[in-house]
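*Asks:* Just dropping this structure here.
The values are calculated or read from the model by the stated rules, or taken from the named source; none is laboratory data. Quantities reported herein were computed from a predicted structural model and do not represent experimental measurements. Cβ placement follows ideal geometry from the backbone for every residue including glycine, while neighbour counts extend to all protein chains displayed.
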Amino acid sequence: MTAQQELTAGESASGHLKRNTIGIPGMVFMVVAAAAPLTAMASNLSLGLAFGVGSGMVGLLLLVGALLAIFTAGYVVLSRRVFNAGAYYAFIGFGLGKATGSGAAFVATIAYNLAAGGMIAATGYFTDIAVSTYMGIHLPWYLYGAVALAVTAALGYIGVGIAKTVTTVISVAQFAIIIWLGIAIMIQRPDGFSLDVFSPERMFHGNIALSLVFCILSFSGFEATAIYGEEAKAARRSIQVATYSALALLVLVFMGSTWSIVAAFDDIQTVAAEDPGSLIFRTADIYLGTWAGGALSVIVAFSFLASGVAFHNMASRYMFALGRSRLLPSRFATVHRRYGTPYISGAVQIAISIIVLAPFVIAQSDPIINLFPAVSGITSLSLTALMIGCCISVVTASFKGLVNEGIWSARLAPTIAGIGLTSICAIIIAHYQEVTGSDSLVVALMPLLPVIGAIYGAVIYRRGRGRDLEQHLAE
């Protein structure tokens with residue numbers, strides 16, 4: 001019996017995801033969903049305001065955004081040559097060799113799987129806060145997390161068509177409340193908006209290392225546009241436009257919302273340090289009314305759910321790409337006959353999330369205090385390292401004659417971006433305990449997971465277990 005005959009009625013061995021299922025707006029909002037602007041304001045950026053450079057965070061966000069724009073110039077060069085659901089996998093492999101690309105794929109797979117589990121835990125945590133606020137009912141976070149996991153699994157199974165609709169609605173809701181709050185602050189406290197936030201004295205005074213880490217974390221999920229390249233309409237143009245559009249949108253949202261919070265108080269650093277996690281809720285209560293904080297808690301819960309869906313899709317597509325290249329069992333590359341989704345990989349991702357969350361449920365640990373430090377540390381290090389790999393790959397490909405773009409996009413831009421990202425990576429390593437907020441030895445050693453994954457991926461490819469990446473180059 002052939003492999004095709006062994007498939008059930010719902011399976012397809014095509015090795016391709018469903019074509020033309022997502023356009024530029026959908027790709028943009030999948031990136032925005034992964035970045036989760038409102039949750040970033042409630043966590044990363046509030047922590048930067050409290051314990052980093054304070055009001056200088058506004059200028060640093062613009063600086064990091066500019067660095068990522070320079071990085072994107074080289075990233076787009078690679079996106080014109082390669083379409084693959086495991087974007088960094090093929091992008092890094094294109095210039096640096098297939099074994100290196102395979103190692104990078106396992107780094108991204110580990111990071112995105114852990115991030116997906118972390119977002120589910122956060123969804124449960126903030127849903128409990130919202131429900132207890134409005135209904136007075138307090139239930140364990142993992143019960144809400146189980147519901148969130150079921151919703152994520154269903155959306156991943158049906159496909160990015162419905163997922164992009166859900167994430168778009170949630171993203172629009174985030175934008176609406178952020179813009180509304182910004183306008184309210186501008187009307188009630190116009191003098192608070194000062195250009196001093198862009199001055200070197202503000203941007204580089206205080207714990208700049210911690211602030212830079214939180215800035216780069218806020219843009220996590222930046223790769224999502226290329227991940228959906230196989231499923232995109234007019235893929236080459238879609239990836240380029242969506243990547244720049246998503247970055248511009250995130251820079252504007254993060255910079256504008258942070259500037260608004262800074263303008264809302266005389267001494268933002270002191271106010272934020274009192275309780276960074278509740279900063280945006282307290283601000284909303286003051287400038288929008290006492291109802292706003294509770295409403296925001298609901299939107300934050302849905303925002304984490306959207307982020308969980310986005311990371312689930314990214315992780316499952318990486319495992320699909322690894323299965324298709326025989327670096328994971330070939331069953332991972334099975335796509336649904338009707339929906340064209342990598343539903344086997346999606347089911348495995350859900351199982352991984354359960355495995356990640358189970359110890360915290362059994363130990364009755366706080367998911368935010370105990371789980372998030374490990375996830376944020378691994379994700380920040382992994383994604384920064386992968387972007388550095390892309391920079392090196394495009395420069396190498398240029399010197400090999402594999403790309404024919406100009407000096408700026410193929411050599412200068414990725415070199416500048418690579419130097420900047422390497423500096424940030426070094427900062428994360430040097431200040432890892434501050435990034436994670438934990439002095440636990442287990443948390444400190446968890447970054448070894450992606451390192452082990454990278455070595456494993458490279459070794460098994462060199463042993464001849466992987467298929468050539470060229471089979472999945474843009475046609």
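*Asks:* Going by the structure shown, is Arg338 among the basic types (Lys, Arg) and not in a helix (DSSP H, G or I)?
*Replies:* Spelling it out, Arg338 is indeed among the basic types (Lys, Arg) and not in a helix (DSSP H, G or I).
*Asks:* I'm trying to understand the selection: among the residues of region 312-323, which are buried (at least 24 other Cβ atoms within 10 Å of the Cβ) and either out of contact with any Ser or Thr (no Cβ under 6 Å at 6 or more places or on another chain) or free of Cβ contacts under 8 Å to residues at least 60 places away in the same chain (or both)?
*Replies:* Result: Asn313, Met314, Ala315, Arg317, Ala321, Leu322.
*Asks:* A further question follows. Can Gly101 be described as crowded, with 23+ Cβ neighbours inside 10 Å, part of a helix (DSSP H, G or I) and small (Gly, Ala, Ser)?
*Replies:* yes
*Asks:* Which residue is farthest from Thr39 (Cα to Cα), if the candidates are limited to region 272-292 and must be crowded, with 19+ Cβ neighbours inside 10 Å and among the β-branched types (Val, Ile, Thr)?
*Replies:* Across region 272-292, the extreme among qualifying residues is Thr283.
*Asks:* Out of Arg331, Arg324, Arg338, I need the residue that is modelled with pLDDT under 80 and not hydrophobic (A, V, I, L, M, F, W, C). Which one?
*Replies:* Criteria check complete, one pass: Arg338.
*Asks:* Would you mind finding the one in Phe222, Phe265 that is modelled with pLDDT of 85 or more, surrounded by fewer than 24 Cβ atoms within 10 Å (Cβ to Cβ) and in a loop (DSSP other than H, G, I, E, B)?
*Replies:* Phe265
*Asks:* Within region 93-103, identify whether any single residue is charged (D, E, K, R) and touching a residue at least 40 places away in the same chain (Cβ under 8 Å), and answer yes or no.
*Replies:* Yes - at least one qualifying residue is present in region 93-103.
*Asks:* Further question: What are the residues in region 407-431 that are surrounded by 18 or more Cβ atoms within 10 Å (Cβ to Cβ) and of a type in the set (Ser, Thr, Tyr), if any?
*Replies:* Ser409 - this is the single residue of region 407-431 that is surrounded by 18 or more Cβ atoms within 10 Å (Cβ to Cβ) and of a type in the set (Ser, Thr, Tyr).
*Asks:* Test Val58 against the criterion of being within 21 Å of the chain's Cα centre (by Cα) and of a type in the set (Val, Ile, Thr), and give yes or no.
*Replies:* Yes: the conditions hold for Val58.
*Asks:* Same structure, new question: Would you mind finding the one in Ala444, Ala458 that is in a helix (DSSP H, G or I), modelled with pLDDT under 85 and among the small types (Gly, Ala, Ser)?
*Replies:* Only one candidate qualifies: Ala444.
*Asks:* Go through region 51-79 residue by residue and tally those that are within 17 Å of Ala273 (Cβ to Cβ) and hydroxyl-bearing (Ser, Thr, Tyr).
*Replies:* Counting residues in region 51-79 that are within 17 Å of Ala273 (Cβ to Cβ) and hydroxyl-bearing (Ser, Thr, Tyr) gives 1.
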